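The values are calculated or read from the model by the stated rules, or taken from the named source; none is laboratory data. Quick caveat, the model's predicted, so the values are computed rather than measured. All Cβ positions, glycine included, derive from the backbone under ideal geometry; neighbour counts span all protein chains shown. Heads up: the accessible areas ignore ligands, DNA and RNA and are worked out on the full protein's heavy atoms, side chains in. Shrake-Rupley method; radii C 1.70, N 1.55, O 1.52, S 1.80 Å.
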Amino acid sequence: MKPSLVVLAAGIGSRFGGLKQIEPVDGAGQLIIDYSIYDAMRAGFETVICVITKEIEADFRAMIGDRISRFVDLRYCFQRLDDLPAGRSVPAGRKKPWGTAHALLAARHEVSGPFAVINADDFYGASAYKAMFEFLSNRAKEGLGAMVGYKLGDTLSGNGHVARGICELDERGMLSGITERTHIVPRPGGAAYADGDDLIFVPSETIVSMNLWGFDSSFMKEAEERLSVFLDGLSGTNILTSEYFLPWVSAQLLDEKKIEIEVLERMSSANGTPNAESSQWFGITYRSDLPTVKLALSKLIESGEYPEELWQEKPLSLLEQASRFKLQGAPVHAAMHGSGLINVTSLVEDKTGKRYVMQKINSGVFKKPIAVMKNIVLALDRLKGAGLTLVPSLSGELWDVDPSGQVWRLYDYVPNSVCLQKPRTPNDMKACGKAFGEFLRSLDGIPLELIETTIANFHDAPRYFNHLKEVVKKDTMGRASKVAKELDFALSREEVAIRLSKMRDAGELPVRLVHNDAKLTNVLFDERTGDALCVIDLDTLMPGLAAHDYGEAIRYGANTAAEDEPDSSKAALSLEMAEACTEGFLKACGSMLNRAEAESLRYGAITMTLENGVRFLADYLEGDIYYRIDRESHNLDRCRSQFGLAADMERHWDEMGAMVERYWEKRD
């Protein structure tokens with residue numbers, strides 16, 4: 001049975017000053033619940049159950065339900081104060097709703113299979129729904145649930161106190177305990193809540209529940225049985241104010257060892273790339289939170305993550321979209337696939353068992369998606385037999401424009417393939433270098449005037465350094481004094497970083513058709529032999545320098561530390577990995593590269609490293625507005641890791657040149 005989504009939309013929101021669910025959050029008059037249901041539909045949910053009260057039914061239907069019901073199976077359940085176990089009555093004077101677990105029970109007769117539950121006034125992000133739908137579709141069962149976790153520091157309001165479920169995780173990353181805390185207020189490095197006369201500090205990294213849970217339908221019975229236990233524990237003024245919270249029910253089941261709960265923590269990009277699907281929780285606890293929410297959503301709309309009006313056209317399901325291509329047979333299965341941050345990727349299977357990879361091009365990142373596709377078609381025509389095969393759409397083009405104007409493509413699935421996040425052995429780096437060298441050589445000769453620039457000023461080091469100087473001059477966040485060492489490191493190496501741009505502009509280096517994002521993760525490997533099968537993610541295919549592709553491969557694959565490693569002393573150049581990549585790249589390029597290009601390769605490595613470090617540093621100084629962060633110093637840590645790698649490249653500068661010379665001399 002397909003999972004359903006329960007939306008808790010009955011809360012009065014006393015601190016907000018009105019019904020939270022009917023506050024518009026964008027210029028089109030849409031609400032957070034619109035975005036939640038839109039994201040849930042994209043993840044695969046087809047049935048949405050809204051828990052409301054009879055008092056707001058007419059307004060809710062008029063402002064929300066009537067427009068959404070055209071696109072999803074929308075059902076209503078009603079939370080009533082008197083919906084209590086047999087023999088119970090509402091205490092005299094009780095006006096406050098009974099809480100989130102009680103609200104969920106209002107949907108108990110509509111839920112017959114796995115389900116997710118959310119708050120109507122919280123924005124969780126598209127990938128949260130994808131993770132939950134995948135769990136509910138494949139692993140949910142009696143005794144096993146899931147919760148999407150968020151870091152406390154990302155969920156606080158600057159306008160007052162909040163309530164959060166503070167989580168404890170065991171060594172497996174499973175939820176081992178959860179306590180609902182109210183009156184949590186921000187503090188430097190985290191937050192604090194009152195426990196009697198004590199003020200308890202909680203670090204910002206602490207995982208909290210924002211009430212995005214997923215369970216098998218058996219959870220409803222457990223919640224129903226525990227409602228009486230909760231009511232029996234009330235006394236005094238608690239009778240009028242205490243709430244029956246979902247975290248309380250979950251904690252009881254955990255204590256009784258009746259359930260295990262996976263924590264589907266929101267992961268940040270390993271390479272600092274902004275997540276096109278959004279990575280941020282935000283919500284409206286107070287009316288004064290509204291401007292912040294509006295600004296955050298406007299940025300997501302500008303990035304192309306959401307259309308300005310969500311419900312203009314009914315979004316095609318993945319199966320419907322797949323059927324717009326000339327498959328071998330009718331599509332029978334489609335599900336989200338992979339961990340890409342830019343395009344929406346799904347795995348499709350038709351009735352013959354043949355599989356395909358389908359992608360929606362992110363029009364927020366790639367403003368001219370059809371130009372992207374035309375570039376790719378030109379390249380694949382030259383790369384025939386090299387692994388990637390586009391499937392035509394019913395229109396005859398090698399892409400499809402859906403009714404909402406979004407551009408999709410579909411490739412034959414490459415069997416027995418795997419994508420690596422880091423090299424396992426030097427052989428992986430050798431294969432990576434070989435793959436990009438062969439790619440470069442195969443595309444040599446395609447007239448560059450046939451290739452359209454799809455992202456302007458790509459790998460423009462002078463522009464990034466100029467931007468850094470402007471940011472330092474403004475110093476809007478007052479952080480420049482804290483990074484004097486990093487600024488000195490960067491600016492003292494500006495001439496090194498812009499060397500390639502100067503050589504290109506002077507005609508000393510030939511401009512070629514290059515990948516422009518030539519990292520290990522953009523190579524498919526044969527999972528049986530370890531050989532590289534093909535280069536993927538060709539969206540950034542544009543004129544550039546061979547040194548940029550070589551340099552990015554070294555920067556990503558030959559760093560001994562993670563890109564956001566807080567201890568920059570761990571960042572170093574693995575000469576073993578660098579040499580393997582160099583051998584593979586130069587042997588594959590053969591005689592195509594001239595002497596100046598060969599000598600520029602080590603500059604490509606340090607240029608790409610400095611360029612990324614400068615971009616991370618500038619974003620830190622501007623207040624972390626571009627790259628997603630998980631901690632206050634995240635961008636600074638990324639910057640320092642890159643600068644640590646660049647410094648080690650300098651220490652091994654002669655060796656880098658020698659390895660290039662060695663394999664350039666051996667070229668075919």
Which of the residues spanning the range 76-96 are crowded, with 19+ Cβ neighbours inside 10 Å and part of a loop (DSSP other than H, G, I, E, B)?
-> Gln79
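Within the range 462-476, is there a residue that is within 30 Å of Lys374 (Cα to Cα), under 31 Å from the mean Cα position of the chain (by Cα) and open to solvent by less than 70 Å² (accessible area, probe 1.4 Å)? Write out each step before concluding.
Narrowing the range 462-476 to residues within 30 Å of Lys374 (Cα to Cα): 462-464.
Applying the additional criterion that residues be under 31 Å from the mean Cα position of the chain (by Cα) yields 462-464.
Keeping just the survivors that are open to solvent by less than 70 Å² (accessible area, probe 1.4 Å) gives 462, 464.
Yes; the residues of the range 462-476 include at least one that is within 30 Å of Lys374 (Cα to Cα), under 31 Å from the mean Cα position of the chain (by Cα) and open to solvent by less than 70 Å² (accessible area, probe 1.4 Å).
Based on what the data block shows, is Gly387 under 20 Å from Ala532 (Cα atoms), open to solvent by less than 40 Å² (accessible area, probe 1.4 Å) and assigned to a helix (DSSP H, G or I)? Please lay out each step first, then the result.
Values: under 20 Å from Ala532 (Cα atoms): yes; open to solvent by less than 40 Å² (accessible area, probe 1.4 Å): yes; assigned to a helix (DSSP H, G or I): no.
No.
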In the range 568-579, what residues are open to solvent by 10 Å² or more (accessible area, probe 1.4 Å) and touching a Gly at 6+ places or on another chain (Cβ under 9 Å)?
-> Ser568, Ser569, Lys570, Ala572, Ser574, Met577
Please give the number of the condition Glu309 fails out of (1) open to solvent by 70 Å² or more (accessible area, probe 1.4 Å); (2) part of a helix (DSSP H, G or I).
-> (2)
Over the range 513-547, the set of residues hydroxyl-bearing (Ser, Thr, Tyr) and outside any helix (DSSP H, G or I) is Thr529, Thr540
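For (1) under 24 Å from Lys141 (Cα atoms); (2) of a type in the set (Gly, Ala, Ser); (3) in contact (Cβ under 8 Å) with a residue 60 or more places away in the chain, each residue gets a yes or a no:
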site: Val51; (1), (2), (3): yes, no, no
site: Asp66; (1), (2), (3): no, no, no
site: Ala103; (1), (2), (3): yes, yes, yes
site: Ala107; (1), (2), (3): yes, yes, yes
Would you check if Arg602 is among the charged types (D, E, K, R), under 23 Å from Val496 (Cβ atoms) and surrounded by 24 or more Cβ atoms within 10 Å (Cβ to Cβ)?
-> yes
Single residue of the range 348-369 satisfying the filter (among the aliphatic types (A, V, I, L, M) and part of a loop (DSSP other than H, G, I, E, B)) that is least open to solvent (accessible area, probe 1.4 Å) | Ile361
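May I ask you to verify whether Leu520 is within 26 Å of Glu650 (Cα to Cα), in contact (Cβ under 8 Å) with a residue 12 or more places away in the chain and in contact with a Cys (Cβ under 9 Å, 6 or more places away or on another chain)? Walk me through how you get there before you give the answer.
Working: within 26 Å of Glu650 (Cα to Cα): yes; in contact (Cβ under 8 Å) with a residue 12 or more places away in the chain: yes; in contact with a Cys (Cβ under 9 Å, 6 or more places away or on another chain): yes.
In short, yes.
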Search the range 279-289 for residues being open to solvent by less than 20 Å² (accessible area, probe 1.4 Å) and not in a loop (DSSP other than H, G, I, E, B), and hand back the single one that is farthest from Asp400 (Cα to Cα).
-> Asp289
Pair list, Cβ under 8 Å, 6 or more apart: the range 129-145 residue part of a loop (DSSP other than H, G, I, E, B), other residue open to solvent by 60 Å² or more (accessible area, probe 1.4 Å) and not aromatic (Phe, Trp, Tyr) | Gly143/Lys258; Gly143/Glu260
Go through (1) in a strand (DSSP E or B); (2) over 20 Å from Val6 (Cβ atoms) and name the single condition Glu171 misses.
-> (1)
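Let's see how each residue does on (1) assigned to a loop (DSSP other than H, G, I, E, B); (2) at pLDDT 90 or above:
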residue	(1), (2)
Arg15	yes, no
Tyr35	no, yes
Val48	no, yes
Asp59	no, no
Count of the range 194-242 residues which are open to solvent by 20 Å² or more (accessible area, probe 1.4 Å), modelled with pLDDT of 90 or more and assigned to a strand (DSSP E or B) | 3
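Could you tell me whether the range 312-333 includes any residue that is part of a strand (DSSP E or B) and either in contact with a Pro (Cβ under 9 Å, 6 or more places away or on another chain) or of a type in the set (Val, Ile, Thr) (or both)? Spell out how you get there, then give the answer.
Within the range 312-333, the subset part of a strand (DSSP E or B) is 325, 331-333.
Still in the list and also either in contact with a Pro (Cβ under 9 Å, 6 or more places away or on another chain) or of a type in the set (Val, Ile, Thr) (or both): 325, 332.
Looking through the range 312-333, at least one residue is part of a strand (DSSP E or B) and either in contact with a Pro (Cβ under 9 Å, 6 or more places away or on another chain) or of a type in the set (Val, Ile, Thr) (or both).
Give the residue that is surrounded by the fewest Cβ atoms within 10 Å (Cβ to Cβ), with candidates limited to residues of the range 614-650 that are in a helix (DSSP H, G or I) and small (Gly, Ala, Ser).
Taking the range 614-650 first, the residues in a helix (DSSP H, G or I) are 614-622, 634-650.
From what is left, the residues that are small (Gly, Ala, Ser) are 618, 641, 644, 646-647.
Details: Ala618: 22, Ser641: 27, Gly644: 24, Ala646: 26, Ala647: 17.
Ranking the qualifying residues of the range 614-650, first place goes to Ala647.
If you take the residues of the range 156-172 that are aliphatic (A, V, I, L, M) and modelled with pLDDT under 90, which of them is least open to solvent (accessible area, probe 1.4 Å)?
Filtering the range 156-172 down to residues aliphatic (A, V, I, L, M) leaves 156, 162-163, 166, 169.
Now narrow it down to the ones that are modelled with pLDDT under 90: 156, 162-163.
Working: Leu156: 46, Val162: 2, Ala163: 34 Å².
Going through the qualifying residues, I end up with Val162.
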Collect the residues in the range 651-668 that are touching a Lys or Arg at 6+ places or on another chain (Cβ under 8 Å) and open to solvent by 80 Å² or more (accessible area, probe 1.4 Å), keeping them in residue-number order.
-> Lys666, Asp668
Of the conditions (1) within 30 Å of Pro415 (Cβ to Cβ); (2) out of contact with any Gly (no Cβ under 7 Å at 6 or more places or on another chain); (3) surrounded by fewer than 22 Cβ atoms within 10 Å (Cβ to Cβ), the single one that Leu533 does not satisfy is (2)
Condition test on Thr292, is it more than 26 Å from Glu134 (Cα to Cα) and in a loop (DSSP other than H, G, I, E, B)?
-> no
Take the range 137-169 and flag every residue that is over 22 Å from the mean Cα position of the chain (by Cα) and of a type in the set (Val, Ile, Thr).
-> Val162, Ile166
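Step by step: first the residues of the range 390-407, then only those that are β-branched (Val, Ile, Thr) and open to solvent by less than 30 Å² (accessible area, probe 1.4 Å), then the one that is farthest from the chain's Cα centre (by Cα). Which residue is that? Walk me through how you get there before you give the answer.
The first filter runs over the range 390-407 and keeps only residues β-branched (Val, Ile, Thr), leaving 391, 401, 407.
In the following step, the residues that additionally are open to solvent by less than 30 Å² (accessible area, probe 1.4 Å) were identified as 391, 407.
Working: Val391: 27, Val407: 20 Å.
Checked the range 390-407; the qualifying residue farthest from the chain's Cα centre (by Cα) is Val391.
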Filter the range 551-569 for residues that are part of a helix (DSSP H, G or I) and out of contact with any Cys (no Cβ under 8 Å at 6 or more places or on another chain) and give the result.
-> Gly551, Glu552, Arg555, Tyr556, Ser568, Ser569
Sole miss for Lys485 among (1) of a type outside the set (Gly, Ala, Ser); (2) part of a helix (DSSP H, G or I); (3) at pLDDT 95 or above; (4) open to solvent by less than 30 Å² (accessible area, probe 1.4 Å) is condition (4)
